[in-house]
Every structure is written in C-alpha cells, then in structure tokens.
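**Student:** Below you'll find the structure I mean.
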Amino acid sequence: MNYEQLIEELREEMLQLVNTKCDALLQMYRSGEMRTDMKDIIRESSLITVSPAELKGKRPLAVQFAPGEWIETPTWRKVAQRILQTCNEQPDIHERFMEMCGKVAGRWRTILGSSPEEMDVPIKVDEELYFEGKFDTEAMLNMLEKKVLE
C-alpha cells in the first residue's frame with residue numbers, strides 16, 4: 001500500500017469537504033438564510049474519521065452519501081435508517097442483510113431482525129428487515145458499524 005498516495009487522497013477529500021461546506025455557508029449567508037447570531041455551530045463529521053463517542057450529545061442535520069446529495073436526518077435513528085436503507089438498495093448487500101436477520105444480536109435483543117416484535121424500538125429498513133434502535137448515539141453507531149455493516 002502506498003501511504004503517500006493514500007495521504008494525498010485523504011487531503012484531497014478533506015479539502016473538497018471544507019470547500020463544499022464553506023460554499024454552502026456563504027450561499028446561506030448571502031441569501032439571508034443564516035443569522036449572524038447563530039448559537040448552534042454546524043460541523044460536518046464523517047463517520048469514517050470520527051469516533052461515535054464524539055457524536056454523543058450532538059444532533060445530526062443530514063447525511064451525505066454522494067457529493068451534493070444531502071438527505072435530512074433530524075435524529076440518530078433516522079441517520080441509521082437512511083444508511084441501512086441506502087446500503088439495502090444494493091442487491092448483494094440486501095441479500096447479506098436478509099441472511100443476517102435474527103443472527104445479529106446484542107446482549108439481550110436482536111439487532112437485525114425480520115420482525116418488529118423482536119425489538120424494543122424497531123427501525124424499519126425494508127419489508128421484513130428491522131434494526132434495533134434502542135441505544136444511545138455511541139452504542140447505536142457502533143452496532144451499525146461493527147455488527148451490521150462490517
């Protein structure tokens with residue numbers, strides 16, 4: 001693996017994210033949508049580079065899957081749902097998810113199942129495909145990343 005090339009690609013990706021965010025903020029400011037006395041700080045975080053623990057206590061606004069494509073997600077459960085639904089649209093991943101149904105479990109509950117009755121807070125991904133959403137931010141994102149998507 002060429003680490004210099006990997007670092008340069010990461011640098012390029014980060015610069016693109018910064019430029020995109022600054023352009024969006026400038027556009028909001030120029031159009032009058034943004035107040036100068038904003039109390040909330042809008043910060044873009046990548047689930048790849050940020051630990052789920054760092055996101056505790058923060059509210060999501062949207063998920064970005066491709067450059068320029070933002071999907072509004074006002075809660076962490078909606079974030080998990082959109083990520084899973086987007087992944088589930090790919091036939092090979094859908095098949096993998098269906099094979100995993102009932103086999104991915106936490107300590108007391110099924111994490112990925114075919115029925116909402118098996119869960120405390122079911123998040124519907126697809127017909128007969130549900131993700132358990134009764135977790136705090138850190139635990140839910142860890143479950144999503146390490147037990148379902150890995």
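The values are calculated or read from the model by the stated rules, or taken from the named source; none is laboratory data. Quick caveat, the model's predicted, so the values are computed rather than measured. In this analysis, Cβ positions are derived from the backbone assuming ideal geometry, glycine residues included, and neighbour counts consider all displayed protein chains.
**Student:** Sort out which residues of the stretch 91-122 are among the hydrophobic types (A, V, I, L, M, F, W, C), surrounded by 14 or more Cβ atoms within 10 Å (Cβ to Cβ) and either in a loop (DSSP other than H, G, I, E, B) or on the phi > 0 side of the Ramachandran plot (or both), and write them in order of number.
**Tutor:** Hits for the stretch 91-122 are Cys101, Met119, Val121.
**Student:** Quick one: Gly32 ticks every box in (1) of a type outside the set (Phe, Trp, Tyr); (2) at pLDDT 80 or above; (3) farther than 16 Å from Trp70 by Cβ except a single one, so which number is it?
**Tutor:** Going through the list (1) of a type outside the set (Phe, Trp, Tyr); (2) at pLDDT 80 or above; (3) farther than 16 Å from Trp70 by Cβ, Gly32 breaks only (2).
**Student:** Could you identify the single residue in Val148, Val125, Val79 that is among the hydrophobic types (A, V, I, L, M, F, W, C) and at pLDDT below 90?
**Tutor:** Val148
**Student:** Note down all Cβ pairs under 6 Å where the first residue falls in the stretch 127-149 and is on the phi > 0 side of the Ramachandran plot, the second is basic (Lys, Arg), and they're at least six residues apart or on different chains.
**Tutor:** none
**Student:** Further, regarding this structure: Return the only residue of Glu72, Glu99, Glu95 being within 15 Å of the chain's Cα centre (by Cα) and without any contact (Cβ under 8 Å) to a residue 60 or more places away in the chain.
**Tutor:** Glu72
**Student:** Of all residues in the stretch 71-80, how many are surrounded by 14 or more Cβ atoms within 10 Å (Cβ to Cβ) and more than 16 Å from Ala139 (Cβ to Cβ)?
**Tutor:** Total meeting the criteria: 3.
**Student:** Condition test on Asp37, is it under 27 Å from Glu54 (Cβ atoms) and modelled with pLDDT under 80?
**Tutor:** yes
**Student:** Moving on to the next point. If a residue has to be in contact (Cβ under 8 Å) with a residue 24 or more places away in the chain and small (Gly, Ala, Ser) to count, how many in the stretch 102-126 make the cut?
**Tutor:** The total comes to 1.
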